Amino acid sequence: MAEDDVHVEQNNARQMGNQESRREFLKQALKVGGVVGIATVIGGPVGAVKALASTETKQNATDGSATNWEGWEDPQLNVNDGWNNWDKILNPDNLPIYHDHFDEIKKVKPKHHWVMVIDLRKCVGCQSCTVACKSENNIPIGYYRTWVDVAEIGSTLQTSLGNTVTANGTYEQQIKIRNIPKLCNHCDNPPCVTVCPVKATFKRADGPVLVDPRLCIGCGTCVNACPYDARYINPISHTADKCTLCVERIDEGLLPACVTTCVGRARIFGDLNDPTSEVSKLLASNPVQVRKPEMGTDPQVFYIGLNGEISTENDPEAENLIYTYTMNTNSTAYQQLAGKSLLK
Amino acid sequence: MGLEQVYWTLPIVAYPFISGLIAGSFIVGSLSKIFGQKQYEPLAKLSLLVTLAFILFAPVGPLADSRQPSRWWELYTRAHIPEAPMGLFTIIWTTYVIVVIAEIYLAFRAPLHQLSEVTPGWKGRLYHWLTLGSTGMSEMRLRREHKWLVILAGFGIFLAFAFHGYIGFIFGAIKARPLWHNALMMPMFITSAILSGIALMIIVYSIVFRYFSFHRKVDSALVDGLMKIMIWVLLVDLFLDVVDILNSAPVAYTDQATASGFAEIFLHGPLTGAYWIGQLGLLVVALTLALFRGIRTSPLWASVASFAALISIWFMRYNTVIGGQLQPKVSQGVVLYSPALFGRGSMQIVFGLFMFILFVFSLLLMVFPWDDEATKHRLFHSTQLTNHGEQNRSTNKILEH
Ligand code: SF4
Ligand code: SF4
């Protein structure tokens, strides 16, 4: 307590000895302070400056953190053929086209309600959409705004009537391959928007969930909060990035790039507010599913023929994911797939 | 979509760890003021300085981890209340910093003023400057200051809970991560915050009073008292851990995603050791040590037990932050992660962070009169001096040292 502290003590018996000890204490304190100070000067600023240098473009893939492109660790790629040339790969000119003029993106009234319907019966797994998106939006290597995962449904049964005959017996293969185009669902109830501490990401009135690259602090909360892994941190702009439904195209009356390029016409884009649009008709006449409905995010990308979320469990009854773009080379699944020997 | 990976790295592990120390040390420092436990009085001033040193660096973790930290001011200017948990941080943290600085001012103003009168040179001017030129020493004034000190401490305890509770909320609110989406996150984070704060104060008190105080003496009764409080908090923490395991491990009690995530990561996965040995094992070790009276009353051994508790809390943060992200959201298998040594999100950053804190704490220790005995002695000593003018010069030298 303040009052007590200041009482002047009358007892001065050990005064001289204490002077001595205080001097020593001060010396010691200075010494400790000095050592710590030097350690700080060496350790602290170097680390902090590195961390704070947000414009830094050269990254070493050491810890799998979000700005690192991990492709060059892929044993399939030869590190020496220029894949790891960061000056080429992380060229600021390669930013998605709207980054530099985000302010030109219109704030619209809810005149439209843009949705996408994906008819899995028609997807042939050609990955044209993946390529179209990357090229339209200048997506850095190792990142995708849309991608097509491949899953397998069914099993191989041993039966005497099977048409696959081997030395070990006859089998019937009741297997279907499901190609599942994935992208941001432009959820009506998007957790990624709720968690953003600076409200850099928002849902535009006509549907698309967007990130304002001028405001985003790159904290990664939304990336963690999206249940569909639809977001990433753009290694060039150092901000969160994701599918925009090609917002600058749809504002001009064009279709999103992936829809334009879809060879099987599996992707259909349109306005749900218009009852005569193709999407409205499809939704009215087909059972549709969304991904992870239990998350309560209310996705606005609808699937025809999706049998629940494709499982990653070791359950023979379940539909199994057999290939996914999302797999990190630095994961147990990849190690099992590639075999340890390849990961030298 | 990026490849499934750990987005929040080591600085985010350090962030709740440091926040926990803030909340805990503040509560320990308030024991004497709020809960009337007079025997903890020597801790009051010291723990305020510990709290300040840590709180100044609390936001560095998340800022170092974010990719555009230079835009931090957006955290203040954008409307993000009340939904964004991280946005709440800005408000609670700012309030907390103001409260802690106000507490420090109130607690140190009187001794600083008195010292400024007897200390010559720049040091005296520094003391005077730190009192903001306020010189009143009347009984009433001091009583009023003390009253405010108590009120602010009460408010600060509320903030300590809010501060740490909401960090639990940051993780608990993210439903995309099954291992985070857990109502227990908040109470677990609050309990472990208090635990780590007590453990830290035991260590800091033992070291600082043993080596840097006026009498160079550690009061073993005080350490014993803190250790006894720690036992109770340890028990609550262990209890919550057990409830958490029951909630997350058996498939029968939880959803498929949580159960398989827990199994793949903590039962037979990359963090099995970190969970069962690092987090739980060390907690049990600390508890066992704390049960012995001989250990509780020995500052050295009490510090060892506290250190075990601190390491366990660090593992708890690591298992929560990193562990939760090892479970892929849409991919297969388990993401593998080992912290980098240098660069973004590395051990170097965390080391630098703690060094900064230590540095600031040492500075605060040198400036503020946290040791009541030393202050008394200094004041008494200089009243003597004014009586013997001829000694003035030589003593001034000592004081200026
Ligand atoms: S899919 Fe993910 S990123 Fe897209 S709106 Fe939904 S939660 Fe947000
Ligand atoms: S990364 Fe950007 S958009 Fe995402 S939550 Fe953080 S500030 Fe918001």
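Among all residues of the range A:239-259, there is at least one that is touching a residue at least 12 places away in the same chain (Cβ under 8 Å), closer than 30 Å to residue B:181 by Cβ, among the basic types (Lys, Arg) and part of a loop (DSSP other than H, G, I, E, B). Taken as a whole, the structure places residue B:17 among residues that are more than 26 Å from residue B:151 (Cβ to Cβ) and assigned to a helix (DSSP H, G or I).
Kindly establish whether residue A:127 is more than 15 Å from residue A:242 (Cβ to Cβ) and open to solvent by less than 40 Å² (accessible area, probe 1.4 Å). Against the criterion (more than 15 Å from residue A:242 (Cβ to Cβ) and open to solvent by less than 40 Å² (accessible area, probe 1.4 Å)), residue A:127 qualifies.
Any residue at all in the range B:63-81 that's farther than 30 Å from residue A:189 by Cβ and either open to solvent by 10 Å² or more (accessible area, probe 1.4 Å) or within 16 Å of ligand 1 (Cβ to nearest atom) (or both)? Don't jump to the end; show me each part of the working.
First, the residues of the range B:63-81 that are farther than 30 Å from residue A:189 by Cβ: B:64, B:70.
Remaining after also requiring either open to solvent by 10 Å² or more (accessible area, probe 1.4 Å) or within 16 Å of ligand 1 (Cβ to nearest atom) (or both): B:70.
The answer is yes; a qualifying residue exists.
When the range A:160-201 is limited to residues that are within 13 Å of ligand 2 (Cβ to nearest atom) and among the β-branched types (Val, Ile, Thr), the one that is nearest to residue B:72 (Cα to Cα) turns out to be A:198. Taken together, the residues in the range B:233-258 that are surrounded by 13 or more Cβ atoms within 10 Å (Cβ to Cβ) and free of Cβ contacts under 8 Å to residues at least 40 places away in the same chain amount to 3. Condition (residue is closer than 26 Å to residue B:315 by Cα and touching a Lys or Arg at 6+ places or on another chain (Cβ under 9 Å)) applied to the range B:231-243: is it met by at least one residue? There is at least one residue in the range B:231-243 that is closer than 26 Å to residue B:315 by Cα and touching a Lys or Arg at 6+ places or on another chain (Cβ under 9 Å).
Do we have any residue at all in the range A:258-265 that's within 14 Å of chain B (Cβ to nearest Cβ) and among the charged types (D, E, K, R)? Step through it out loud before you land on a result.
Filtering the range A:258-265 down to residues within 14 Å of chain B (Cβ to nearest Cβ) leaves A:258.
Okay, now just the ones that are also among the charged types (D, E, K, R), so none.
No, the range A:258-265 contains no residue that is within 14 Å of chain B (Cβ to nearest Cβ) and among the charged types (D, E, K, R).
Give the residue, chosen from A:179, A:163, A:189, A:185, that is open to solvent by 10 Å² or more (accessible area, probe 1.4 Å) and within 11 Å of ligand 1 (Cβ to nearest atom). Write out each step before concluding.
Details: A:179 fails: within 11 Å of ligand 1 (Cβ to nearest atom); A:163 fails: within 11 Å of ligand 1 (Cβ to nearest atom); A:185 fails: open to solvent by 10 Å² or more (accessible area, probe 1.4 Å).
Checking each option against the conditions leaves just A:189.
Kindly establish whether residue B:75 is without any contact (Cβ under 8 Å) to a residue 60 or more places away in the chain, part of a helix (DSSP H, G or I), under 30 Å from residue A:201 (Cα atoms) and facing chain A (nearest Cβ under 9 Å).
Values: without any contact (Cβ under 8 Å) to a residue 60 or more places away in the chain: yes; part of a helix (DSSP H, G or I): yes; under 30 Å from residue A:201 (Cα atoms): yes; facing chain A (nearest Cβ under 9 Å): yes.
When the stated conditions are applied, residue B:75 passes them.
Within the range B:358-373, identify whether any single residue is within 7 Å of another protein chain (Cβ to nearest Cβ) and in contact with a Ser or Thr (Cβ under 6 Å, 6 or more places away or on another chain), and answer yes or no. Among the residues of the range B:358-373, at least one is within 7 Å of another protein chain (Cβ to nearest Cβ) and in contact with a Ser or Thr (Cβ under 6 Å, 6 or more places away or on another chain), which makes the answer yes.
Yes/no matrix, rows are residues, columns are (1) aromatic (Phe, Trp, Tyr); (2) near ligand 1 (Cβ under 10 Å from one of its atoms); (3) within 22 Å of residue B:180 (Cα to Cα):
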residue	(1), (2), (3)
A:170	no, no, no
A:193	no, yes, yes
A:208	no, yes, no
A:212	no, no, no
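Among the residues examined, residue B:108 qualifies as more than 7 Å from chain A (Cβ to nearest Cβ), in a helix (DSSP H, G or I) and among the aromatic types (Phe, Trp, Tyr).
Per the listing A:244, A:221, the residue uniquely among the hydroxyl-bearing types (Ser, Thr, Tyr), within 26 Å of residue B:330 (Cα to Cα), within 13 Å of ligand 1 (Cβ to nearest atom) and in contact with a Leu (Cβ under 7 Å, 6 or more places away or on another chain) is A:244. Exactly one residue out of B:70, B:25, B:32, B:116 is part of a helix (DSSP H, G or I) and in contact (Cβ under 8 Å) with a residue 24 or more places away in the chain: that is B:25. For the range A:205-229, taking the residues that are open to solvent by less than 10 Å² (accessible area, probe 1.4 Å) and more than 12 Å from ligand 2 (Cβ to nearest atom), the one that is farthest from residue B:321 (Cα to Cα) is identified as A:206.
Checking the range A:144-154 against the condition returns no match, with no residue being among the charged types (D, E, K, R), buried (at least 22 other Cβ atoms within 10 Å of the Cβ), out of contact with any helix residue (DSSP H, G or I) (no Cβ under 8 Å at 6 or more places or on another chain) and within 14 Å of chain B (Cβ to nearest Cβ). For residue A:259, indicate whether it is away from ligand 2 (no atom under 16 Å from the Cβ) and open to solvent by less than 50 Å² (accessible area, probe 1.4 Å). Answer is yes for this residue.
Quick grid of which residues meet (1) modelled with pLDDT of 90 or more; (2) under 23 Å from residue B:331 (Cβ atoms); (3) not β-branched (Val, Ile, Thr):
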| position | (1), (2), (3) |
| --- | --- |
| A:160 | no, no, yes |
| A:165 | no, no, no |
| A:169 | no, no, yes |
| A:174 | no, no, yes |
| A:181 | yes, yes, yes |
| A:192 | yes, yes, yes |
| A:200 | yes, no, yes |
| A:204 | yes, no, yes |
| A:228 | yes, yes, yes |
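The sole residue among B:56, B:43, B:3 that is modelled with pLDDT under 90 and open to solvent by 20 Å² or more (accessible area, probe 1.4 Å) is B:3. In the set (1) within 10 Å of another protein chain (Cβ to nearest Cβ); (2) open to solvent by 30 Å² or more (accessible area, probe 1.4 Å), the condition left unmet by residue B:87 is number (2). Checking each residue in the range B:319-352 for being in a helix (DSSP H, G or I), touching a residue at least 12 places away in the same chain (Cβ under 8 Å) and open to solvent by 30 Å² or more (accessible area, probe 1.4 Å) picks out only B:347.
The values are calculated or read from the model by the stated rules, or taken from the named source; none is laboratory data. Because the structure is predicted, anything quoted here is derived from the model rather than measured. Please note: Cβ atoms are built from the backbone with ideal geometry, for glycine as well, and neighbour counts cover all protein chains shown. When the accessible area is computed, the model is the full protein with side chains, heavy atoms only, and any ligands, DNA or RNA have been set aside. Shrake-Rupley method; radii C 1.70, N 1.55, O 1.52, S 1.80 Å.
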